[in-house]
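Data first, discussion second: the structure below is written as structure tokens.
The values are calculated or read from the model by the stated rules, or taken from the named source; none is laboratory data. What you see is a predicted model, and the numbers here were worked out from it, not measured in a lab. Neighbour counts run over all protein chains shown; Cβ positions are idealised from the backbone, glycine included.
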Amino acid sequence: MTERKDETHRGGVTGAQTHSALPRDRAPSSLAFLLSQVGIHASRRFAERLAAIDLQPPLFRVLNVVDAAEGRSQHAIAEAIKAPPSRMVAIVDELEQRGLIERRPNPEDRRVHALHLTAKGRKLLERGREIAAAHEAELTSGMSKADRDRLVSLLQAIVEQEIGAGVHPGLST
């Protein structure tokens, strides 16, 4: 391994040098490792992008679900995305305090509150969706449309088998 003392204070190897100087494992990576590697990278990068509009991925997810199921109860939405009630309460409270959603009495059962996006929530959700589209385009920039579509299809099969459509494991904690 090559050391360049001019770029570090203690004569160590810089991050870029460490990466390129490490021996490359010639064995192919496992599917699980690659999925984890891409997933963590994509999650971190997406969170960074959403932070620019003062939004976190779990809040963005709930805004999307409320938009798709407008007028449904907080409990029904939490069940659909497998979010524990305590986690969902905290998310909905934050979204409501920020003026992004509102709880309205359900006309059929006044004990239940239906969730609705506000105009401010719709505007922020639209901006978040633009960021999500740019993020996805960046992640798949080296792929053809056919390869991208195939990857989405294959990953969707794993999700449906292992997790459940529409469920994000990050909301369950």
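Numbers for the structure displayed
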item	result
Members of segment 104-121 found to be of a type outside the set (Gly, Ala, Ser), surrounded by 14 or more Cβ atoms within 10 Å (Cβ to Cβ) and within 21 Å of residue 53 (Cβ to Cβ), listed by number	115, 116, 117, 118
Candidate set: segment 55-104, residues that are in a loop (DSSP other than H, G, I, E, B) and closer than 22 Å to residue 160 by Cα; chosen: the one modelled with the lowest pLDDT	82
Residue in segment 80-95 that is aliphatic (A, V, I, L, M), farther than 16 Å from residue 55 by Cβ, in contact (Cβ under 8 Å) with a residue 12 or more places away in the chain and surrounded by fewer than 18 Cβ atoms within 10 Å (Cβ to Cβ) present	yes
From the options 101, 131, 158, 77, residue that is under 20 Å from residue 39 (Cα atoms) and surrounded by 15 or more Cβ atoms within 10 Å (Cβ to Cβ)	131
Count of segment 34-87 residues which are among the hydroxyl-bearing types (Ser, Thr, Tyr) and under 14 Å from residue 139 (Cα atoms)	1
